[in-house]
Amino acid sequence: MPLTLPMDKRCTTVETDLGRGTLYVVATPIGNRDDITLRAIKTLSAVDLVVAEDTRHTGRLLAHHGISTAQIAYHEHNETRMTPRLITQLKAGNDMALVTDAGTPGVSDPGYRLVTTALAQGLRVVPIPGVSALITALSVSGLPTDSFVFIGFLPSKKGRRLGLLESLAEDDRTLIFYESPRRIYRLVRELMSILGDRPAVLGREMTKLYEEFIRGRLSEIAGQMANRNTIKGECTLLVAGNTSKIQVPWELIHDSLADALAAADRPLSAVVKEVADEFKVSRNRIYKEALKIQSNER
């Protein structure tokens, strides 16, 4: 079933002339079902098949907009098996709309494998842009928007997770994370330990009835969460970048730390805090350097 959208006609390619189908990557609402573009509604109505992360969830969205297009499930547990089948259908001339439960497919959601395979097979892939949780949160965060980095969901293993956070300690861009409500408090505490007590914004239940934005320093956000029995809704956390880049060579910081440790008249924690504050470097980094110095002195 070919689409009749003017923009699509202007993008006609050789593949469509040969009777091959098009894969449309369609952004859907992150909460409020009315946050969908007219083009997305037309596309979902016109394609032969909607490839959905959760057919029950997407079914409610389609019904809300009076769309009766057939669906098929495509998620992280079946994408290896389903991708070749979907590619075969595209080659046979069937148009498809790829959607996820919320937002733009492929952004911390399934879809990457299907898109890359379709492109590798010379098939036409068309974006139908719309809502994205990270941009939604960034636009109202009050944090710098001229330069940011999207990290998404962090690794579940602690070592890998903390290592990634440490690699971001000196980044001066706004940092954007996705996290589940069960783990968001842990993430905020880990960020405080590694990055320091920076300004941040937590977006929760965005575009929904109980939408909430918690603004303040990481310690203030952690304090609010600690006083709640439960935290619900997918979370988007934005953290200010490092605005105080190191202006002196690391060797000078190392020497200053070594001298402070040699005095040995204060607890290690006090020395770490003093040096970290003086050079505006994360305490976690200074603490690790202090342990190295003490180990080499033994």
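Where in segment 198-298 are there helices (runs of 4 or more DSSP H), lying wholly inside it, with at least 3 residues that are modelled with pLDDT of 90 or more and surrounded by 14 or more Cβ atoms within 10 Å (Cβ to Cβ)?
Per the criteria, 218-226.
Condition check: touching a strand residue (DSSP E or B) at 6+ places or on another chain (Cβ under 6 Å) and farther than 25 Å from ILE36 by Cβ. Does PRO155 satisfy that? It would help to see each step written out before you state the result.
Details: touching a strand residue (DSSP E or B) at 6+ places or on another chain (Cβ under 6 Å): no; farther than 25 Å from ILE36 by Cβ: yes.
No: the conditions fail for PRO155.
Any idea how many residues of segment 119-130 are among the aliphatic types (A, V, I, L, M) and either more than 18 Å from LEU44 (Cβ to Cβ) or under 13 Å from the mean Cα position of the chain (by Cα) (or both)?
3
Considering segment 120-154 alone, what residues qualify as being in a loop (DSSP other than H, G, I, E, B) and without any contact (Cβ under 8 Å) to a residue 12 or more places away in the chain? Walk me through how you get there before you give the answer.
Residues of segment 120-154 that are in a loop (DSSP other than H, G, I, E, B), as a first pass: 121-123, 129-132, 140-147, 153-154.
Once the filter is applied, which keeps residues that are in a loop (DSSP other than H, G, I, E, B) and without any contact (Cβ under 8 Å) to a residue 12 or more places away in the chain, segment 120-154 yields only ASP146.
The values are calculated or read from the model by the stated rules, or taken from the named source; none is laboratory data. The structure displayed is predicted, hence computed values, not measured ones. With ideal geometry, Cβ positions are generated from the backbone for all residues, glycine too; neighbour counts draw on all protein chains shown.
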